[in-house]
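The values are calculated or read from the model by the stated rules, or taken from the named source; none is laboratory data. None of these values were measured; they are calculated from a predicted model. Heads up, the Cβs are rebuilt from the backbone with ideal geometry, glycines too, and the neighbour counts pull from every protein chain shown. Note: areas computed on protein heavy atoms with side chains; ligands, DNA, RNA excluded. Shrake-Rupley method; radii C 1.70, N 1.55, O 1.52, S 1.80 Å.
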Amino acid sequence: MSSSSSVTLNTGVQMPLLGLGTYKLRGPEEVYRAVDAALSAGYRAFDSAAVYRNEADLGRALRELLPKHGLAREDVFITSKLGPKDQGERAMDGALHSLAQLDLGYIDLYLIHWPGTQGLVVADKHNPGNRAQSWATLEELHRQGKLKAIGVSNYTPTHMRELMQSCKVPPAVLQVEFHPRLCQSELRSVCKEYGVCFQAYSSLGQGELVTDPAVMEVAKNCKRTPAQVLLRWAVQQGVPVLPKSSNPDRIQENARLFDFSLKDPDMDRLSSLDCDHKYCWDPSEVA
């Protein structure tokens, strides 16, 4: 992969356009096998979270596998996220726990996973204060060098504007659901306005989009898999992706994004599928 396969964050750091999502990867053996396959296929970014309960296994796998692949800690980009149960006054303990679990010295990118707090109703008046307290904690750990970049996940345009009005360190990344049926035009515009990298998860629509007739036809025409086409649609717009798989062949297949391009009519056809459909959680339901 070349320099064109990364994006420059507002911290000046390069973040790979392709990372391995580890949601639902559980147990040391499954994590080890997936990380080994990913490193072999050229992945240099790995995305975890406290709620995935695999930070320790991911850290252990990387410590063991990086030397095997001739790599150092500095060659990989590790993302993790603060769990909703640690939002607010527990944010410091939550972030330090992630650092300890991964045990890689520092975390390249640490996100607030969700704009709400576990156990609070949607409209609870404590949510904005908890978000602000969590962000101040991340800013402090960023200042200490333990979190090289900080950001948010699942924030709406309203949450983003609220954060930008109060933060001392602007978020480097917003990670949200993004695919042809959910093009997120307003959020992307907000991110562009504030210089925040817009990053995708659930690029395949939880697997449903790979059987969409339009996606399948584009894939057939360019002799690629539907998954490759969906991932390429994002990275061709400069949007980093995090496909998740435990299958070594699929992990390798998903990495083949940088040796082809989609033609403009195909890009437009995929984008025309936009119908504001969320397969995952809806953060607009969180106050």
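Computed values, structure above
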| read-out | value |
| --- | --- |
| Rounded to 5, the percent of DSSP beta bridges in the chain classed as antiparallel | 15 percent |
| Ranked by how many other beta carbons lie within 10 Å on average, peptides 261-268, 30-37, 187-194 from highest | 30-37, 187-194, 261-268 |
| Principal axis dimensions, largest first and in whole angstrom, of region 128-287 by Cα | 49, 31, 25 |
| Estimated FRET transfer efficiency when R0 is 41 angstrom, pair Thr211-Ala100 (beta carbons, to 0.05) | 0.50 |
| Amide proton proximity set for Ser6, modelled H, under 5 Å, gap of 5+ | Leu17 |
| All Cα pairs of region 211-278, percent lying beyond 14 Å | 58 percent |
| Sites Glu29 and Asp276 - FRET efficiency at Förster radius 30 Å, r taken between beta-carbons, to 0.05 | 0.15 |
| Relative intensity, log₁₀ I(q)/I(0), of the chain from a Debye sum that treats every alpha carbon as a point, q = 0.08, 0.10, 0.11, 0.17 Å⁻¹ | -0.32, -0.50, -0.61, -1.47 |
| Solvent-accessible area per residue, Å², over region 48-95 with all protein chains present [probe radius 1.4 Å] | 41 Å² |
| Carbon + sulfur, % of accessible area of region 1-157 - ligands and nucleic acids excluded, 1.4 Å | 50 percent |
| Relative contact order of region 210-254, pairs being alpha-carbon contacts under 8 Å that are 6 or more residues apart, as % | 28 percent |
| Sites Lys125 and Glu186, calculated FRET efficiency, Cβ-Cβ separation with R0 25 Å, nearest 0.05 | 0.50 |
| Region 48-116: mean projected area of Cα convex hull, nm² | 4.3 nm² |
| Residue-normalised accessible area of region 233-287, given per residue in Å² at a 1.4 Å probe | 54 Å² |
| Surface per residue (accessible, 1.4 Å probe) for region 143-212, Å² | 40 Å² |
| Theoretical ellipticity at 222 nm over the chain - DSSP helices of four or more residues, -39500 (n - 2.57) apiece, nearest 500 | -12000 deg cm²/dmol |
